[in-house]
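A quick write-up on the structure given underneath.
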Amino acid sequence: MVTKTLTITEDAYNILAASKFEGESFSEEVRRLFSQKKKKRLIDFFGILADDGEGMQKDLEKIRKMNVELLKERLKMHESA
């Protein structure tokens, strides 16, 4: 395998080193960060809903209540049939 030597500033090196996974080489990190087919990891989505999470949680609770009521109605229809 051919290798190349790159010169980067110390702060750039520190940024790369800090974002590198345990056991990951710098070459693997560069491929992961800059590949065209970047796969998303679950941790990439952490905090994505922090600003609107409360509103979404309220909406989900409304949907759950509606589903429970619908289920109760269907059970009543089934019992009377």
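Where a number appears in this text, it was derived from the coordinates with a stated rule and is not lab data. Note that the structure is predicted; figures quoted are calculated from it, not measured. Every residue, glycine as well, gets a Cβ built from its backbone with ideal geometry; the counts of neighbours run over all protein chains shown.
So what does log10 I(q)/I(0) come out to for the chain at q = 0.19, 0.20, 0.27 Å⁻¹, using the Debye formula with one equal point on every Cα and no solvent? Each listed q maps to, in turn, -0.98, -1.02, -1.28.
For Glu69, neighbours were defined as the other residues whose beta-carbon sits under 14 Å from its Cβ, and their charges (Lys and Arg +1, Asp and Glu -1) total +4.
Secondary-structure-derived ellipticity at 222 nm for the chain, considering helices only, amounts to -19000 deg cm²/dmol, per-run term -39500 (n - 2.57) for DSSP H runs with n ≥ 4.
Take each peptide in 69-79, 3-13, count the other Cβ atoms within 10 Å of every residue, and average; sorted highest first, the result is 69-79, 3-13. Straight-line cross-link reach from Lys39 at under 22 Å between alpha-carbon atoms covers these lysines, not counting any fewer than eight positions away in the same chain: Lys20.
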